[in-house]
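To keep things clear, I will list the structure first and then write my remarks on it.
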Amino acid sequence: MLAQNPAPTKSDTVYKKIDNYSKDKKFFKFFHKIMFRKKETKRISKKKSTKYINSLQKSFDKNSCKLIRKITIETLDPFGFSAENDKQVPIHKMERFGNMLHLKTKNWTIKNLLLFDENEQLDSLIVKESERLIRSKRYVRSVIIKPIPIPNCADSVDVSVRVLDTWSGIPTGAYSSAKANLELTERNFFGLGHELDLNYIKGFNNSTTNNFGYESKYTVNNVMKTFINTSVSSKNDLNNNTYKTVRFDRPFYSTFTNWAGGMYYDYSVFTQLMTDSNAIIAPQNFKIKTYSIWGAHAFDIFGNQTEFGRTTHLIFATGFSNSAYLEKPSVTYDPIQYSNSSKSVLATIGISSQKFYQDKYLFRFGIVEDIPYGKVFSITGGVENKNKVSRAYFGGRFSYGDYFDFGYLQGTIEVGSFFNNGKTEQSSYKIEANYFTKLFPIGSWKFRQFIKPVLVLGTNRLNTPYDRLNLIDVNGIPGFNSAPLVGTKKFLTTFQTQSYNQKNWYGFNFSPFMNFTFGFLDQGDHTFFNNKMYSQIGIGVLINNNYLVFNSFQISFSYYPSLPIDGSNIIKTNAFQNSNIEYRDFQIGQPGVISYQ
């Protein structure tokens, strides 16, 4: 049922004044058309929308085992439409103009993501999983799959799939005295679900080899409904370093799939400054060819009569990789021959159990997000051959996550080591957790607290900077530059407080978030926590406004008390986002050694 027209709010009154003021002034009229959309008088309330989703899930359970007669797919342009409300249509000129520039997702692109088909029995678990797969695509904002009863037909049902696209083209750029770049990312090329990344770089000084560089990548997702993703990428930077990659990959995209695998090829030619034992720095040339191939199969061990049995599998995976150094540094700059050709064969066996629950108000304002929960236990073993020495490898992983009364908690323990003549080499120990609370209200606000600690320990690591830990950005502190700062042990913790303001201020919802990250490195000694603590303090805000055509964006500022290279009291803008904290899934993929980073 649609909500009745509410009494005018303060933001409605302000918006009406802006609307009337802009009508007689050409400049403000043009600005108003670009920035604002007209007031909509009928919307589905948030409470009813949630009940609507739950009722859909129950209706699928009621229609289980019925024959699917017909599947109807409807894709919607990103502006002015709603997947949940079929009566909502664009009412703003700029919305219609934006939709005219947008190519909708092809119906068969969505159909290829469905795990069910016509003339099959309806399986409620498969339908819900199909909805999750569609929602996981970056070019989709929301999706609703619902059953349509057929009059006078009790044993059959039609299925409707309604998908709301998101704006998929994202241009970005940057400029400095040394270089400038212009980047374009298209996540839904011609509505095919393909991804295109282009980046053009221009240099302005004579310190680089080239005056321009480029990066390009094209990805074909779900080739012919096989869920095989194919990508080709090429890069040539301002120093004439070249990188080319081809990848074929089919992960365990769902707990209902039984096989996975992939192939990977990489060709790299680059120059890197290295230091010898006499502290002499000189450029060293690299030319590397790397390829790998792997495959995995999931076996049912608890039958397929219950949801637990269908989402829990015994998985066996094996893989082979080869790295050939066609050109490498001299022994003077690489005395232990770390940069040398190697081959490895690894196999993993383990039990994986994974399901998802839906929640809102995590990293996005009011958008449904899928949170994995379950458990995985696996062991990995194999052999590596490098520098004419064969070493055995053995490692294990245990991960568990669930939603408890006190919130969502996920923990992972990983251990791995090479063995050479009865001695351990390059051992790694990693413990990490990911926790966030339930939504808790304070007045008209709602809050979540996120905490993510990570402890990485290494023993008997090789004496080279390449076999050391750091605190750089993605593996450490957002926006942090600490290339000279390395160690064999690392402790890192991130706290993030996210708020969601249910009230609005003149039509705007402001959801501030605060992030605090700190980390330690042992830096070659055994004091660990007695070493200097490096940290980042960040504040940001997620801004939403239903009147705006682009109704959600965020800005952030980071403060760094001390940076090894840049100095002290540094402030950076947009160095992190509220979605920087990520949770891991509970699947088993390509066998590999524990990531030491």
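The values are calculated or read from the model by the stated rules, or taken from the named source; none is laboratory data. On a predicted model such as this, the values are computed, not experimentally measured, just so you know. Don't worry about glycine lacking a Cβ; one is built from the backbone with ideal geometry, like all the others, and counts go over all protein chains shown.
For the range 342-357, the set of residues classified as at pLDDT below 95 and farther than 22 Å from Leu314 by Cα consists of Tyr357 only. Looking at Ile371, is it assigned to a strand (DSSP E or B), at pLDDT below 95 and closer than 21 Å to Phe586 by Cα? In short, yes.
Of all residues in the range 415-429, none are farther than 30 Å from Thr573 by Cα, in contact with a helix residue (DSSP H, G or I) (Cβ under 9 Å, 6 or more places away or on another chain) and part of a loop (DSSP other than H, G, I, E, B). Could you list, in sequence order, the residues of the range 306-334 that are touching a residue at least 40 places away in the same chain (Cβ under 8 Å), among the hydroxyl-bearing types (Ser, Thr, Tyr) and in a loop (DSSP other than H, G, I, E, B)? Correct list: Thr311, Ser330, Thr332, Tyr333.
Report yes if Ser339 is closer than 25 Å to Ala296 by Cβ, touching a residue at least 12 places away in the same chain (Cβ under 8 Å) and either among the small types (Gly, Ala, Ser) or in contact with a Pro (Cβ under 8 Å, 6 or more places away or on another chain) (or both), otherwise no. Against the criterion (closer than 25 Å to Ala296 by Cβ, touching a residue at least 12 places away in the same chain (Cβ under 8 Å) and either among the small types (Gly, Ala, Ser) or in contact with a Pro (Cβ under 8 Å, 6 or more places away or on another chain) (or both)), Ser339 does not qualify. Taking the stated definitions as given, is Glu131 of a type in the set (Asp, Glu) and buried (at least 19 other Cβ atoms within 10 Å of the Cβ)? So Glu131 fits the description; yes. The requirement of being modelled with pLDDT under 90 and part of a loop (DSSP other than H, G, I, E, B) is not satisfied by Asn54. The numbered conditions (1) under 30 Å from Gln305 (Cβ atoms); (2) among the acidic types (Asp, Glu); (3) without any contact (Cβ under 8 Å) to a residue 24 or more places away in the chain are all true for Glu186 except (1). Scanning the range 238-288 for residues that are part of a loop (DSSP other than H, G, I, E, B) and of a type in the set (A, V, I, L, M) returns Leu238, Ala279, Ile280. Looking at this structure, is Leu238 among the hydrophobic types (A, V, I, L, M, F, W, C) and buried (at least 17 other Cβ atoms within 10 Å of the Cβ)? Judged against the criteria, Leu238 is a match.
For the range 557-578, the set of residues classified as under 20 Å from Glu369 (Cβ atoms) and either outside any loop (DSSP other than H, G, I, E, B) or modelled with pLDDT of 70 or more (or both) consists of Gln577 only. Against the conditions (1) modelled with pLDDT of 90 or more; (2) surrounded by fewer than 16 Cβ atoms within 10 Å (Cβ to Cβ), Ile91 satisfies every one except (1). Tell me, yes or no, whether the range 390-401 has at least one residue that is at pLDDT below 95, assigned by TED's automatic domain parsing to the domain that holds Ala298 and not basic (Lys, Arg). No - not one qualifying residue is present in the range 390-401.
Can you name the residue in the range 296-305 that is part of a strand (DSSP E or B) and not acidic (Asp, Glu) and, of all such residues, is farthest from Gly592 (Cα to Cα)? In this case the residue turns out to be Phe299. The requirement of being without any contact (Cβ under 8 Å) to a residue 12 or more places away in the chain and either more than 21 Å from Leu362 (Cβ to Cβ) or surrounded by 14 or more Cβ atoms within 10 Å (Cβ to Cβ) (or both) is fulfilled somewhere in the range 409-422, by at least one residue.
Taking the range 336-358 as the range and being buried (at least 16 other Cβ atoms within 10 Å of the Cβ) and under 20 Å from the mean Cα position of the chain (by Cα) as the test, the residues that pass are Gln354, Lys355, Phe356, Gln358. Quick check, is Ser177 in a loop (DSSP other than H, G, I, E, B) and either under 27 Å from Asn112 (Cβ atoms) or not hydrophobic (A, V, I, L, M, F, W, C) (or both)? In short, yes.
Against the conditions (1) in a loop (DSSP other than H, G, I, E, B); (2) at pLDDT 90 or above; (3) more than 25 Å from Thr230 (Cβ to Cβ), Gly191 satisfies every one except (3). May I ask you to verify whether Asp405 is surrounded by 15 or more Cβ atoms within 10 Å (Cβ to Cβ) and either at pLDDT below 95 or in contact with a helix residue (DSSP H, G or I) (Cβ under 9 Å, 6 or more places away or on another chain) (or both)? Spelling it out, it is not the case that Asp405 is surrounded by 15 or more Cβ atoms within 10 Å (Cβ to Cβ) and either at pLDDT below 95 or in contact with a helix residue (DSSP H, G or I) (Cβ under 9 Å, 6 or more places away or on another chain) (or both). Inside the range 220-233, residues that are surrounded by 15 or more Cβ atoms within 10 Å (Cβ to Cβ), out of contact with any Asp or Glu (no Cβ under 6 Å at 6 or more places or on another chain) and not aliphatic (A, V, I, L, M) make up a count of 6.
Being of a type in the set (Ser, Thr, Tyr), closer than 30 Å to Leu563 by Cα, more than 25 Å from the chain's Cα centre (by Cα) and in the same structural domain as Leu346 (by TED's automatic domain parsing), is that true of even one residue in the range 472-482? No; the residues of the range 472-482 include none that is of a type in the set (Ser, Thr, Tyr), closer than 30 Å to Leu563 by Cα, more than 25 Å from the chain's Cα centre (by Cα) and in the same structural domain as Leu346 (by TED's automatic domain parsing). In the range 87-102, the condition of being over 22 Å from the mean Cα position of the chain (by Cα), closer than 23 Å to Ile371 by Cβ and outside the structural domain of Tyr253 (by TED's automatic domain parsing) is met by no residue.
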